[in-house]
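Take a look at the structure set out below.
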Amino acid sequence: MAIGVQCDMATPALAKFGSHHVKENFLRPTIAGDYVACLGVSEVGSGSDVSSIRTKAVVDGNEWVINGGKMWTTNGTQADWMCALVNTNDNPNPHRKQVIDMHTDEV
């Protein structure tokens, strides 16, 4: 499962949707084998049911502020970054992937 998360889930999402800056700082070292990725999908009370995700991300100036929690995070204790599924608005399809640097003080 850990290899699948790294190769088949987190890095393809980053390659497809990441900005140039994010690709240089997270994708390149991950492909080189220097970084480990994890997924942030499952939540308390939701399990892996993505339709009931409650973690929210809002823009604050130049940053996204993320509030919520994830559990059962494959590779989480070894990860350098997380590909997290969060709600960014209240629309019927509000989910968006966010890259979270696992080495920040807030994590």
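The values are calculated or read from the model by the stated rules, or taken from the named source; none is laboratory data. Here the structure is a predicted model, which means the values were calculated and not measured. Ideal geometry is used to build each Cβ from the backbone, glycine not excepted, and the neighbour counts take in all protein chains shown. Surface accessibility is based on the protein's heavy atoms, side chains included, excluding ligands, DNA and RNA. Shrake-Rupley method; radii C 1.70, N 1.55, O 1.52, S 1.80 Å.
Numerical summary
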read-out: Residues of segment 64-77 classified as part of a loop (DSSP other than H, G, I, E, B) and open to solvent by less than 90 Å² (accessible area, probe 1.4 Å), total; value: 8
read-out: Residue match in segment 15-28 (condition: under 12 Å from W81 (Cα atoms), modelled with pLDDT of 90 or more and touching an Asp or Glu at 6+ places or on another chain (Cβ under 7 Å)); value: no
read-out: Hey, V58 in a strand (DSSP E or B), under 15 Å from L85 (Cα atoms) and not small (G, A, S) or not; value: yes
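Every residue, every condition in (1) among the charged types (D, E, K, R); (2) out of contact with any helix residue (DSSP H, G or I) (no Cβ under 7 Å at 6 or more places or on another chain); (3) open to solvent by less than 50 Å² (accessible area, probe 1.4 Å), yes or no:
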{"site": "R28", "(1), (2), (3)": "yes, yes, no"}
{"site": "V50", "(1), (2), (3)": "no, yes, no"}
{"site": "V59", "(1), (2), (3)": "no, yes, no"}
{"site": "N62", "(1), (2), (3)": "no, yes, no"}
{"site": "N91", "(1), (2), (3)": "no, yes, no"}
{"site": "I100", "(1), (2), (3)": "no, yes, yes"}
